[in-house]
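Down below is the structure, laid out as structure tokens.
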Amino acid sequence: MKILISNSSNEPIYEQISSQIKSMILKGELIEGEMLPSIRGLAKDLQISVITTKRAYDELEREGFIESVQGKGSFVASQNKELMREMKLKIIEEQLQKVVKECNVLGLSYEEVSEMLRILFEEV
Amino acid sequence: MIGLLKRDLHLIISDKKNRFFFLLYIPFLLLIVESYDQKWPYFIILYTYTYLIAITPFSYDMTYKTSYMMSSLPISRKEMVLYKYLLTFIYFVITVVYAGVYLWIINTLGITTVDYFNLEVIKAVIPVILISISFLYPAYFRFEPKIAQIVHMIIFISSFVAMMNVANLGENSLVSHIKFLSDNYILPISIVLYILSLLLSMKLYETRDL
Amino acid sequence: MDYILEVNNLRKEFKKFALKDISFKLEPGYIMGFIGPNGAGKSTTIKLIMNLLKLDGGEIKVFGLDHKKHEKEIKDRIGFVYDENYYYEDLTIKQMKNIVASFYSKWDDATFNDYIEQFDLDPKSKIKTLSKGMKMKFSLAVALSHNADLIIMDEPTSGLDPVFRREILDILYNVIQDETKSIFFSTHITTDLEKIADYITFINKGSIVFSETKDEVLENYSVVKGGIDLLDRDIRKEFIGLKETNVGFEALTNNKDKVKRLFGEEVLIERATLEDIMFYTVRG
């Protein structure tokens, strides 16, 4: 499992942790039922405060990504398939928005872009 | 209490200066105390050794501020005082054994004749030790080590000088002095004084800022 | 036990200095950093907790127990490391250890020997031959070898090189993996705390400036940089501390949003480090 913290980023550390874990779950890199590092172990590995890792885990739990069992640890929650699909769709939509923006800058038309897309789909 | 005893013994044995002193003090005393009565050198030896073993640890606390460390250990101020007062008796036993062996060797080797074990003297010296320490310990527990050192000097030097003078006065007064000291009343009085001193020291040390 | 260390309205008066109304609390499982400039009262506070000084007012509870009534019980569970390590210099490490070990009910010789080996110390060496760093390592080895639940450290890393300071932090992290143990750590080297501390208590001139989670502290405070032309008397009052140079000003604020509203794009707003916070608060 990989979590990297940037000290110089403006994003608070607990957010960096929770978004990286979220992304791993959404991408399937962390699977249902998999155990996460303990909040203390994680704090030690990242050399940060236990309160920060706890906050990250609390947020993940609030949003339904993980479940904590007293005395055992934290596990990836069984993901609501619908919800996950929706979230992934949202990410794709955001990325497509970026692509469209770039296309506008370049002056590409919808037809040119959908042609590119068709070729890419065929390659897969 | 074992911890304090260990500390005190370690301090005495580990320092070269101390070893040197404790080893050569007996012959030194024997040289300077000219007395017809064998009992006096023995008396002075018992007194001095016990007294010095008792105060040596205090001087280290002065140099190294170790009282901060010792007082951070799981021991209450009261206990520290109590154990120190109790340890005096252990120092005394150590002194009796050490002096006994040392002087016995000197006797056997024929260097000079000295008493190496005399119950009467032992009974006589205990009250003197207790009285001296009754005045000494409260000074160490209340005052800065530097000031307490002065008190120690006063007590030690005056009792030493007094003993030396008495030692040189001749046979009859020596006998009567020892008799006086091993008299039944002096010992209980000195014990009461010792206990009062203990209570005073406890009170003083408990409220002291280190 | 709710709090492993609880200090309420501590008061201690000296001739030229006084501790006033010192209060803070630490729960089991966390590290509290105690920061402040030299002479602020950090050592005094720790000495009061350890009953080396008698308090004039307030109360101190350790493990939920009154620190005077249960002194011995409490100290049996406290591992202490002071900035000057006061040991009998003529004794060897082993001898000193034997003396200290006889006072603790849960002394663990195996653990002590492991640390001594890890710190590369020779048990037969006399304490007077040890460098400051080595003495500190010895102190730490002792503090961690009697199953202490609370480790109290008074400026343990001042005078030590950064490499070794990192090693100490690693050791402290290991201690804290056990959520029943806590560490209380005073220092003026704030970079050490920026990583490891869970809570920060800041003391200045004998009073507590704040006692909060480190995250909150770092989120609330910011350093503002801008041109001198932006300053006027009212604006100066908005800041906690201010420094003016030939090329601009630098100031500390705990109200980022207000500053943004006042100046918008004309100033640079950056995260404050603990050192910034300490510097500007003390300086004014």
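The values are calculated or read from the model by the stated rules, or taken from the named source; none is laboratory data. Remember, it's a predicted structure, so these values are computed and weren't measured experimentally. Please note: Cβ atoms are built from the backbone with ideal geometry, for glycine as well, and neighbour counts cover all protein chains shown. Please note that ligands, DNA and RNA were not included when accessible areas were found on the heavy atoms of the full protein model with its side chains. Shrake-Rupley method; radii C 1.70, N 1.55, O 1.52, S 1.80 Å.
Before moving on, here are some points about what is shown:
- Once you reduce segment A:24-55 and segment C:1-21 to the center of their Cα atoms, the two points are 38 Å from each other.
- Fluctuation leader among B:Arg142, B:Arg77, B:Arg19 - chain B, Gaussian network, Cα springs under 10 angstrom: B:Arg19
- In nm, spacing of pseudo-spin labels at C:Lys69 and C:Glu167 (7 Å Cα→C-beta vector): 4.3 nm
- Residue with peak Gaussian network fluctuation, chain B [Cα springs, cutoff 10 Å], from B:Phe117, B:Phe28, B:Phe141: B:Phe28
- Taking a point 7 Å out from the Cα of B:Arg19 in the direction of its Cβ, none of the residues of segment B:89-129 has a backbone N less than 15 Å from it.
- Of the trypsin sites (Lys or Arg not before Pro) found in segment C:81-141, those in coil by DSSP whose Cβ has at most 15 other Cβ atoms within 10 Å are C:Lys106, C:Lys124.
- Rounded FRET efficiency, nearest 0.05, which uses the C-beta distance separating B:Tyr83 from B:Ile189 and R0 of 25 Å: 0.60
- FRET efficiency, C:Lys205 to C:Lys15 (Cβ-Cβ, R0 22 Å, nearest 0.05): 0.90
- When all alpha carbon pairs of the protein assembly as shown are counted in 10 Å bins from zero, the resulting P(r) reads 3, 13, 18, 18, 15, 11, 8, 6, 4, 2, 1, 1, 0, 0 %.
- Long pairs among A:Lys2/C:Lys61; B:Lys84/C:Lys97; B:Lys6/C:Lys69, criterion Cα-Cα beyond 32 Å: A:Lys2/C:Lys61
- Convex hull volume of the C-alpha atoms in segment B:17-169, normalised per residue: 115 Å³.
- Largest GNM mean-square fluctuation among B:Tyr137, B:Tyr83, B:Tyr194, using chain B with Cα springs under 10 Å: B:Tyr83.
- Chain C: projected area of the alpha-carbon convex hull, averaged over directions, in nm²: 17.2 nm²
- Within segment C:176-244, all pairs of alpha-carbon atoms sorted by distance into 5 Å bins from zero give the percentages 3, 11, 19, 19, 16, 13, 9, 4, 2, 2, 1.
- Interface residues, segment C:141-186 - accessible area loss of 50 Å² or more versus chain alone, probe 1.4 Å: C:Tyr173, C:Gln177
- Note on A:Ile5 and A:Glu34: the extension gain reaches 8.3 nm, defined as 0.36 nm multiplied by sequence separation minus the Cα-Cα distance.
- Here the accessible area of chain A is 55 percent carbon and sulfur, with a 1.4 angstrom probe and all protein chains present.
- Proximal aspartates and glutamates relative to B:Lys16, as straight alpha-carbon distance under 17 Å, when same-chain residues fewer than 8 apart are discounted: B:Asp8, C:Glu89, C:Asp90
- With the simple model of a label 7 Å out from the Cα in the direction of the Cβ, C:Gln177 to B:Ala162 spans 6.5 nm.
- Computed from Cα atoms, the angle from the helix B:2-14 axis to the main principal axis of chain B rounds to 60 degrees.
- Accessible area buried by the pairing of C and B, both sides summed with a 1.4 Å probe, works out to roughly 2800 Å².
- At R0 = 56 Å, FRET efficiency that the Cβ-Cβ distance of C:Arg283 and B:Lys146 yields, to 0.05: 0.90
- The C-alpha atoms of chain C define a longest principal axis, and helix C:109-118 lies at about 60 degrees to it.
- Relative contact order for chain C, counting Cα pairs under 8 Å that sit 6 or more residues apart, in percent: 22 percent
- Whole-percent carbon and sulfur share, accessible surface of segment B:2-206, 1.4 Å: 72 percent
- Reduction of at least 20 Å² in accessible surface, 1.4 Å probe, comparing all protein chains with the chain by itself, residues of segment C:40-72: C:Lys47, C:Leu52, C:Leu53, C:Lys54, C:Glu71, C:Lys72
- Accessible surface for the protein assembly as shown, divided over its residues, is 50 Å² per residue with a 1.4 Å probe.
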